[in-house]
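Enquirer: Please see the structure below; I have some questions.
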Amino acid sequence: MILNINDVSKAYSGLVVVDKVSIRLDDGEMIGVIGPNGAGKSTLFSLVTGFLEANDGDVVLDGRSIGRQSAAERARHGMVRTFQVPREFANMTVRENLMAAAPRQSGENLINAFFRPRLVAAQEKEIGARVDETIAFLKLERVADSLAGQLSGGQKKLLELGRALMTGARVILLDEPFAGVNPVLIEELSSKIRELNARGIGFLIIEHDLGALSRLVSKLYVMDRGRLIASGTPQEVLADPLVREAYIGGGLA
Amino acid sequence: MDAYLIAIGTIAGIYLLLALGLNLQFGLTGLINFGHVGFFCVGAYTSAILSTKGVPIPLSLAAAAALAMLAAWPLGIISIRLREDYFAIVTLGFSEVVRLVVTSEGWLTNGVQGIAGIPRIFRAGGGEAQAVLMLGLTLAFCLISIVAMMRIVRSPFGRMIEAIRDNEEAVRSLGKEPARFKMQVLLLGSMLAGISGALYAHYIGYISPDQFIPFVTFQVWMAIIMGGVGRISGTIAGVLILMFFLEGSRFLRDVAPFIPEVSMASIRLGVIGLALILFTIYRPQGLMGDFTKR
């Protein structure tokens, strides 16, 4: 699945937060987006996934323009995001969180829920098996029946990744997956992302932990004050004086 | 005393239908509906007007349910996407609009004088037999609603509305439209309120606009908060607690005869208010537990 972000812009009463940003994510590619705080990275994610309306530009997924669709519609096309601050369903168990994410559930229709119990039960069983696989893959077995709200920060990030997988997404946008995660779990999370990428899922990742991100992605884009100021392999980008300037200027040496 | 218990049971059943609807909306889905009494009012007036004009009562009951849903539908269209606090204000306003309409459209509703002589649902037999049948019918509606509610809670639909309660944005990020689910929940809750209102009208026999003030909504809120939000057992317990305080304070005069009659209504309110405060301090999750597990 190919994601094209074309000249996407967003301004709040004259203040430009995202300025004509274009990024192309090829099939099965893994790309990082870095930049100082306030550079517009998270806003860009919201614009791409439909949580904010762009003033200008378009988002094209596999040749289909989705820039005017709702967030849910865009997700149904196979592009799913996670959040900087995890948004788990706190009062539901890990298993229920994952079950809820499965697409096209006949039991979400009330008529089926009441009058076609066998159809719904069969599908629940099927989804349950996929959930078991996902739980095993993410090594969340120990907490499978705990409330999601009680998980550690890192486990919540894993759960959000798991929910994205359950939707069958082909492109996943991760918003700071390593923030607030302990170093051991960062390694674990990285290896899961790498494994999923090897299966053909494309990733676009915002991250402040440049070390962990550089080991993961093939290409980095750098944002500063709403604009893309550099792109290239991690080695090229991190050697770029303009990038060093932006980071030091942004107070993040 | 028997007649008294039957009467309390019937009123409790009517409250329970209201509370089950609100628990579905708020407890399970997170919709803050401050206008529940509006749908109760629509149901009561619909069945009262139709049945006094000679429409058979089964039909007028069905019409009450349908019209309550029909009233909820446009309200949902304009307000279901609002943030929860705004939705609360809009629904509160809606119930007041309903009350003002039935107050001023005298040609249809007889205005402030209200509608008297609403036929009872069961007319055969003596007074006691009628009362028992009415209690049975009310509890049958409650039972059907409880079974249906349990079905919903265990279904993928139920899982999705709980997810919406916990985090709407995350639901959207997974490719599901919260508005569709919230609309259905609003309609279902309104249907229950409509049926409840119709039963109330036929049971009491006389309705007037001043019976449909926002206070009714908040009594139902108190019930589900005291019982335990989000749980069906909590809803039942909450209605029982509410009835206990409403009715129990009647007997307060036996122990405290110095309280004048006119102060009693305020004292009853005070007692319920105090109970609500104590619950939120000492048992915020309600009598029957919390959000966590069924």
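Enquirer: Please report, for the Cα atoms of region B:1-117, the Rg to one decimal and the Dmax as a whole number; what are they, in angstrom?
Expert: 15.8, 49
Enquirer: Obtain the radius of gyration and the Kirkwood radius of region A:90-150 from its C-alpha atoms and give Rg over Rh.
Expert: 1.03
Enquirer: Shifting gears a bit: Between A:Arg194 and A:Glu133, what FRET efficiency comes out of the Förster formula 1/(1 + (r/R0)^6) with R0 = 30 Å and r the beta carbon distance, rounded to 0.05?
Expert: So the FRET efficiency works out to roughly 0.95.
Enquirer: Between rounded, prolate and oblate, where does region B:20-64 land on the alpha carbon gyration tensor, with a ≥ b ≥ c its root eigenvalues, rounded for a/c under 1.5, else prolate if a/b exceeds b/c?
Expert: In terms of gyration-tensor shape, prolate.
Enquirer: Report the Stokes-Einstein translational diffusion coefficient (µm² s⁻¹, integer) for region A:30-167, Rh taken as the Kirkwood radius over Cα pairs, at 20 °C with viscosity 1.002 mPa s.
Expert: 127
Enquirer: Now for a different question. Inside 10 Å of the C-beta atoms of B:177-184, what's the mean count of C-beta atoms belonging to other chains?
Expert: 2
Enquirer: Right, another one. Solvent-accessible area per residue for the protein assembly as shown at a 1.4 Å probe radius, Å²?
Expert: Value for the protein assembly as shown: 43 Å² per residue.
Enquirer: Please give me the summed charge of the neighbours of A:Val243: other residues whose Cβ is under 11 Å from its Cβ, Lys and Arg +1, Asp and Glu -1.
Expert: Result for the neighbourhood of A:Val243: -3.
Enquirer: Excluding the sites themselves, what is the longest stretch of chain B that contains no chymotrypsin sites (Phe, Trp or Tyr not before Pro) in a DSSP loop with at most 14 other C-beta atoms within 10 Å?
Expert: Segment B:1-205 is the longest.
Enquirer: Something else now. Express the C-alpha Rg of chain A as a ratio against the empirical globular expectation 2.2 N^0.38 Å, rounded to two decimals.
Expert: Its radius of gyration relative to the 2.2 N^0.38 Å reference: 1.05.
Enquirer: I would also like to ask the following. Quick one: grab the alpha carbon gyration tensor of region B:144-260, order the square roots of its eigenvalues as a ≥ b ≥ c, and give me rounded if a/c is under 1.5, else prolate or oblate depending on whether a/b is larger than b/c.
Expert: Prolate is the answer for region B:144-260, as a/c is 1.5 or above and a/b outweighs b/c.
Enquirer: Between B:Arg120 and A:Ala122, take the C-beta separation as r, use R0 = 45 Å, and let me know the FRET efficiency to the nearest 0.05.
Expert: 0.45
Enquirer: Stokes-Einstein D for chain B at 25 °C, 0.890 mPa s, Kirkwood Rh over Cα pairs, in µm²/s?
Expert: Rounded to a whole number, D works out at 125 µm²/s.
Enquirer: ³J(HN,Hα) across region B:71-76 via Karplus (A = 6.51, B = -1.76, C = 1.60, θ = phi - 60°), whole Hz, x for Gly/Pro?
Expert: Coupling constants for region B:71-76: 6, 6, 4, x, 4, x Hz.
Enquirer: Hey, another quick one. Quick one: which of A:Lys125/B:Lys182; A:Lys10/A:Lys41; A:Lys20/A:Lys219 span more than 22 angstrom between C-alpha atoms?
Expert: A:Lys125/B:Lys182
Enquirer: A further question follows. In chain A, once you exclude exposed trypsin sites (Lys or Arg not before Pro) (DSSP loop, at most 13 other Cβ within 10 angstrom), what's the longest stretch remaining?
Expert: Longest gap between qualifying sites, sites excluded: A:1-67.
Enquirer: Tell me, what is the percent relative contact order of chain B, built from C-alpha pairs under 8 Å that lie six or more residues apart?
Expert: 32
Enquirer: If you don't mind, there's one more thing I want to ask. Leaving ligands, DNA and RNA out of it, report the carbon-plus-sulfur percent of the accessible area of chain A at a 1.4 Å probe.
Expert: 50
Enquirer: May I ask you to give the average projected area over all directions of the convex hull of the Cα atoms of the protein assembly as shown, in nm² rounded to one decimal?
Expert: 30.4
The values are calculated or read from the model by the stated rules, or taken from the named source; none is laboratory data. Given the structure is predicted, the values throughout are model-derived calculations rather than measurements. Glycine also receives a Cβ, built like all others from the backbone with ideal geometry; neighbour counts cover every protein chain displayed. These accessible areas exclude ligands, DNA and RNA; they are computed on the full protein's heavy atoms, side chains included. Shrake-Rupley method; radii C 1.70, N 1.55, O 1.52, S 1.80 Å.
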